[in-house]
Amino acid sequence: MGNYRYQVRSGAGQVVSGVVFAESVTAAAAVLRAQGQQVVSINAAEEGGATRSALLERLRSLNAGRPKPKHVLDFTTQLAVMIRAGINLRAALEGIADQTEHPVFKKVILQLKADVESGKQFSQALQRNPRLFGPLYINMVRASEMSGAFAEMLDRIAAYIGQEIETRKMVIGAAIYPGVIATMAVGVTVFLLTFVLPKFAGIFKGKEEVLPWSTKFLLGLSDFMVANWIYLLAAAAGVGGALFAFARTELGGFVLDKLKLTIPVVRAMFRALYISRGLQTMGQLVNAGVPLLDTLAITGDVSGNRLYEGLWRTVHVNVKQGKKIANPLTKSRLLPRAVVQMIAAGEESGKLGEVLDEISAYYAKQLKDHIKAVTSMIEPIMIVCMGSVVGFIAMAVILPIFKMSAIVK
């Protein structure tokens, strides 16, 4: 096995160079021909240079990390523009790859180009990277290959990905502020109990009979934390790790998804998120001409919540048995009755895709309003909680000092 430097001629007549890893020159040539390449020359590469090149390429890939949805959005948008301009798919992929700076994503695009050149459908080439191009992306591209509206479908996919990125940013943004405030509250409390309060222990020593219960409690808690901080830190890490591991199990994930729809402050926000995401996905696939059973399966996969995933799985089973979409939805509390009625009306009129688009747009607006409401509600709650904790500690320290001053006078 070794590295072989090659030169191949592209379909446009250009000579392209590169390095391939194979058992022999013959095997390397076979690999290139299997990719649809016209081989010009193949020679054994210098080991030192090839090794350094491979190492540098590996380091660049690790530093860049995995491609993000933003890379997929940019790729889809550029591809739609180039296809609409009359550029063939192979040349469009080559042009986008030349402009892509992310090394991992560039490899993905070049692999897509190689697969297309070998005669595969673009949707088949996308299936090599299911985590990057999800089932919705692949099925919508497959539907466009049958209908011939490739550029228009890419525009629709780009709009969907852009909406998903915006929604994710809003949800993450709503969680950042409470997380920062909670971290600060815990940090300040631990600092006061372990660094500040022990300095007052000498002042209160021998005067325990005049100390209020709050001061005695905090002094005892402070002594305990200082004496056992290693064990407490290990216990906190263990509990955090156990909760994280539990959340990754099927049962833990179900409990977490249930809590998201139960906690009063955030349940309306998460409900709007899952309804908007599910119906938007379903509407896009229906309008793209994807078969209904495939549409329902994909909607369940991208719903983001196990309860809603189970709902769409149930709908999938019922539709497979010849029933209508609205029938199982009427028995669930996960969708409002008005939404179910509109879906039933769209199904009866044959305008299901349009109805789903309108409902998802409405709930996307509702999601923005709920995020603003949750943020404005959590902010004062966290401030009050943090102020109460710090105030309790401060009063537990100050009151005994005032009391002792009064006794001295």
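The values are calculated or read from the model by the stated rules, or taken from the named source; none is laboratory data. Values in this document were obtained by computation on a predicted structure and should not be read as measured data. Every residue, glycine as well, gets a Cβ built from its backbone with ideal geometry; the counts of neighbours run over all protein chains shown. Heavy atoms of the whole protein, side chains included, go into the accessibility calculation; ligands, DNA and RNA do not. Shrake-Rupley method; radii C 1.70, N 1.55, O 1.52, S 1.80 Å.
Here is how the numbers come out for the structure above:
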{"item": "Out of F200, F217, sole residue that is open to solvent by 70 Å² or more (accessible area, probe 1.4 Å) and assigned to a helix (DSSP H, G or I)", "result": "F217"}
{"item": "Number of positions in the range 310-324 that are open to solvent by less than 60 Å² (accessible area, probe 1.4 Å) and without any contact (Cβ under 8 Å) to a residue 24 or more places away in the chain", "result": "4"}
{"item": "Test result for T314, within 30 Å of I381 (Cα to Cα), among the polar types (S, T, N, Q) and modelled with pLDDT of 90 or more", "result": "no"}
{"item": "Looking only at the range 95-111, and only at residues there that are charged (D, E, K, R) and not in a loop (DSSP other than H, G, I, E, B), the one that is surrounded by the most Cβ atoms within 10 Å (Cβ to Cβ)", "result": "K106"}
{"item": "Unique match (being open to solvent by 60 Å² or more (accessible area, probe 1.4 Å) and closer than 30 Å to A91 by Cα) among E209, E145, E166", "result": "E145"}
{"item": "Residues being assigned to a helix (DSSP H, G or I) and open to solvent by less than 70 Å² (accessible area, probe 1.4 Å) - total across the range 227-236", "result": "4"}
{"item": "Selection from the range 325-346 of residues that are under 20 Å from Y363 (Cα atoms) and surrounded by fewer than 17 Cβ atoms within 10 Å (Cβ to Cβ)", "result": "T330, S332, R333, P336, R337, A338, Q341, A345"}
{"item": "Residue within the range 171-190 that is at pLDDT below 85, of a type outside the set (D, E), surrounded by 11 or more Cβ atoms within 10 Å (Cβ to Cβ) and in contact with a Leu (Cβ under 7 Å, 6 or more places away or on another chain) present", "result": "yes"}
{"item": "Identity of the residue in the range 274-309, open to solvent by 10 Å² or more (accessible area, probe 1.4 Å), out of contact with any Ser or Thr (no Cβ under 9 Å at 6 or more places or on another chain) and assigned to a loop (DSSP other than H, G, I, E, B), that ends up farthest from E166 (Cα to Cα)", "result": "P291"}
{"item": "Identity of the residue in the range 358-368, touching a residue at least 40 places away in the same chain (Cβ under 8 Å) and over 15 Å from M342 (Cβ atoms), that ends up surrounded by the most Cβ atoms within 10 Å (Cβ to Cβ)", "result": "L367"}
{"item": "Pick from the range 34-91, criterion at positive phi and over 29 Å from the mean Cα position of the chain (by Cα), ranking: modelled with the highest pLDDT", "result": "G86"}
{"item": "Residue count, the range 114-162 (criterion: more than 27 Å from the chain's Cα centre (by Cα) and over 20 Å from L285 (Cα atoms))", "result": "7"}
{"item": "Top-ranked residue in the range 60-80 [being closer than 27 Å to E166 by Cβ and free of Cβ contacts under 8 Å to residues at least 24 places away in the same chain; ranked as surrounded by the fewest Cβ atoms within 10 Å (Cβ to Cβ)]", "result": "K68"}
